[in-house]
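Heads up, the thing below is written out as structure tokens.
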Amino acid sequence: MPRTGKSIVNFTAAFSVLLFALLLGVMHGPTPIPLRTVIDRIISPNASIDSVIVWDIRLPELVAAALVGGGLAVAGAVMQALLKNPLADPYIVGASAGAGLGATLMQEFLPFVNMMAPGAFVGALAAVFLSYLLSRGRGTTSMLTLILAGYAVGVILTSVMTFLMLLNRQDLTTIFAWEIGGINGVTWSRVAVVVVLMTVSLLVIWPYAHDMNALLLGEEQAHHLGVPVRRVQFVLLVSASLLTGAAVYISGLIGFVGLVIPHVVRRLNGPNHRQLIPLAFLIGAAFLTLAELVATSMPVIGPIPVGLVTAFLGGPYFLYLLVRQNRWKQGWSR
Amino acid sequence: MVSIMQDAMLELHDVSYHWPGASQTFGPISQRIAPGRFVALIGPNGAGKSTLLKLIAALWRPDTGEVIVNHQNVLTLTAAQRARQISFVPQTLDTSFDLTVREVVELGGLNRLSWRDRLQFRPSVSPSQLESTLRRTEVWHLQDRAFTTLSGGEAKRTLLACALMQEAPLLLLDEPTAHLDPGHAMKFLDLVRAKVDAGELTVLMAYHDLTTVGLYADELWVMDQGQLILTGAAADVLPHPMIRQIYDVDFIPLVHPRTKRPMLIFP
């Protein structure tokens, strides 16, 4: 069984890289802390400056980056299985526009409490629900219609958001920074919210790994194999949106992680979701932790939003995939 | 009445359907298949053969009537229960993801997974069952190949292996040998016929080739314009004038020199 042996190696490698990235992240920063001290302070926290930096500043942000990366990667893998399209991403069915509008509405109407993130979260779910309801036809839900409905819903919500932004110019920078996506000012209590939301959605997604494999063969064949197609699609869509919403809640709209990571994992380890889902979480987590490290240690200009780093790395890779898929469809050699 | 009921693997009671936007309607059709029979569904393109298979597989819901498989209305079954009664080999399968042959065939066991199986890191079928099915359908040597790289015959055998893995008593085949060369076509049908002869399967197969259909099927159902117009033993149906009429061809009836089974050849 070659694939099983290969996946054990892949799991070990992904886990090691994640651990390495987290440790490097804690050591690294304006005040470097040696590895020895980091390990000591993680095991036994005390009142020292080092301990405060490790526990209250660096670890929450790194853990948040890892969770966001892992969550977006799994959400991307699920959306790609649902839409049967390897180029789908967690934002494709209107989630990002919904999140943007939700955040803007909160900023406009409740500026005195910091409700931007929960607003984004509710907005993302609402937009996905709207797209889903619009695409429900006789029998099964058409996944192509879902993409198109998601696009239309996205355009409408974005235009409403832009209108609101024009009404209230002084908030442009906040919203703009949030749209690029970045991880800063994270506290343990916000991380806890994300941990709870992600645990719930991952526990819901995991038992459906076999069904996602069946869906790769098309909705008809999945039906014949005994998958309650419409119910599974609905449950997975909601859980993927919940994962996306949890990620958006803490970091804004970080692009390309959900698109690119599942793709990389499929090339490494094949499309079987029983391995793809956990491996995508680990590799997504490691990737965004490393990207966060790069983003916070930019020379000269200082820290930049991590969304810029992922877009800079992920954009070209996406174009490469697009060209490759296109050539393959035209019968060129792979 | 009760004794007749026990004899049927598949019963259609006044099943009718209308295609969205089309003026032509389908059915009503009433017919039955006894357990252990190999029935072929023939008729010109657009006669409604695929529609009938989709209605039986509960992919579409009939406007009236009911489809009874093994004494149960297919619409009242859960997806997993239905997959334990009916398996389906489609005409074509379009996927852009590289699942291996082994992973595709394993999906045949999906309907038997309990929630505990699903939560654990465990495959859906036992290795020994998987091996015997892969060997019987002659795809054992392909098990680590990506499904998308298979030839037509290999892909069909893989889909048959997947269907057999469901262990459902009723197998539906939608033109299984289309695009296969005669060698692969014969091996595929021999395999299905052997399962029927072993008493493990009842088969309903949509099929186009009138030369070979009588060599495999016990019974023929003839469809034209959404109606079931003729049914009976292959030896009675093939020479019937109605066949010439619906295809508008003067076929020549023959008897296979060795097996004495009925055939039709081009005039």
Shielding score for A:204-210, defined as the mean number of other chain Cβ atoms within 10 Å: 3
Virtual spin-label span in nm between A:R190 and B:D190, 7 Å along Cα→Cβ: 6.9
Cα centroid separation, the stretch A:292-315 to the stretch B:48-107 (Å): 50
28 Å Cα-Cα threshold exceeded, pairs from B:K156/B:K195; B:K54/B:K260; B:K187/B:K260; A:K84/B:K54: B:K54/B:K260
Gyration tensor over alpha-carbon atoms, the stretch A:57-157, equivalent ellipsoid semi-axes in Å: 27, 20, 9
Karplus-derived HN-Hα couplings along the stretch B:82-88 (A = 6.51, B = -1.76, C = 1.60, θ = phi - 60°), whole Hz, x at Gly and Pro: 4, 5, 7, 9, 10, 10, 9
Cα→Cβ-extended label distance, 7 Å offset, between B:D248 and A:N168, nm: 7.0
Equivalent ellipsoid dimensions for the stretch B:28-122 as semi-axes, Å, which come from the Cα gyration tensor, largest first: 28, 19, 13
Relative contact order [Cα under 8 Å, 6+ residues apart], the stretch B:1-128, whole percent: 22
Within the stretch B:2-265, percent of DSSP bridges classed antiparallel, to nearest 5: 60
Ranked list, fewest to most other Cβ atoms within 10 Å of each Cβ, for B:D7, B:D174: B:D7, B:D174
Taking B:M263, B:M223, A:M115, A:M298 and counting other C-beta atoms within 10 Å, the order from fewest to most: A:M298, A:M115, B:M263, B:M223
Relative packing of peptides A:50-56, A:82-88 - highest average C-beta neighbours within 10 Å first: A:82-88, A:50-56
Pairwise FRET efficiency - B:W19 versus B:R112, Cβ, R0 = 41 Å, nearest 0.05: 0.75
Relative contact order, percent, chain A [alpha-carbon distance under 8 Å, six or more residues apart]: 29
Residues B:K260, A:K6 arranged by fewest to most Cβ contacts within 10 Å: B:K260, A:K6
Per principal axis, descending, Cα span of the stretch B:2-265 in whole Å: 58, 42, 41
The stretch A:2-96 - Rg over Rh from alpha carbon coordinates, Kirkwood radius: 1.13
Spin-label pair A:F112/A:I156, simplified geometry with 7 Å Cα→Cβ offset, distance in nm: 3.3
Computed helical MRE - 222 nm, chain B, DSSP H runs ≥ 4 contributing -39500 (n - 2.57), nearest 500: -8500 deg cm²/dmol
Peptide B:93-104 - average C-beta neighbours from other chains (10 Å radius): 6
Burial ranking of peptide ranges B:252-259, A:129-136 (average Cβ count within 10 Å, highest at the top): A:129-136, B:252-259
Two-site FRET efficiency, A:V294 against A:L133, from Cβ-Cβ distance with R₀ of 60 Å, rounded to 0.05: 0.90
Of the DSSP H helices in chain A, those whose Cα atoms cover at least 15 Å axially and whose Kyte score averages 1.6 or more: A:59-82, A:116-135, A:143-167, A:188-205
Relative contact order of chain B, defined on C-alpha pairs under 8 angstrom at six or more residues apart (%): 25
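Considering the convex hull of the alpha carbon atoms of the stretch A:2-329, report its projected area averaged over all viewing directions, in nm², one decimal.
Directional mean of the projected Cα hull area for the stretch A:2-329 stands at 18.7 nm².
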Rg over Rh [alpha-carbon atoms, Kirkwood Rh] for the protein assembly as shown: 1.07
Antiparallel DSSP beta bridges within the protein assembly as shown, as percent of all bridges there, nearest 5: 60
Crossing angle, helix B:152-165 versus chain B [Cα axis fit, 0-90 degrees, rounded to tens]: 70
Residue-span extension gain [B:A235 to B:R135] - 0.36 nm each, minus C-alpha spacing: 32.6 nm
³J(HN,Hα) computed for each position of the stretch A:218-227 - Karplus, 6.51 cos²θ - 1.76 cosθ + 1.60, integer Hz, glycine/proline x: x, 5, 5, 5, 4, 4, 5, 7, x, 8
Note, ³J(HN,Hα) from phi for the stretch B:189-200, Karplus 6.51, -1.76, 1.60, rounded to Hz, x at Gly and Pro: 5, 4, 4, 5, 4, 4, 5, 5, 4, 6, x, 9
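Taken together, the values in this text are just the output of simple stated rules run on the coordinates, not laboratory data. Nothing here was measured: the structure is a model prediction, and the numbers come from that model. Cβ atoms come from the backbone with ideal geometry, glycine included; neighbour counts cover every protein chain shown.
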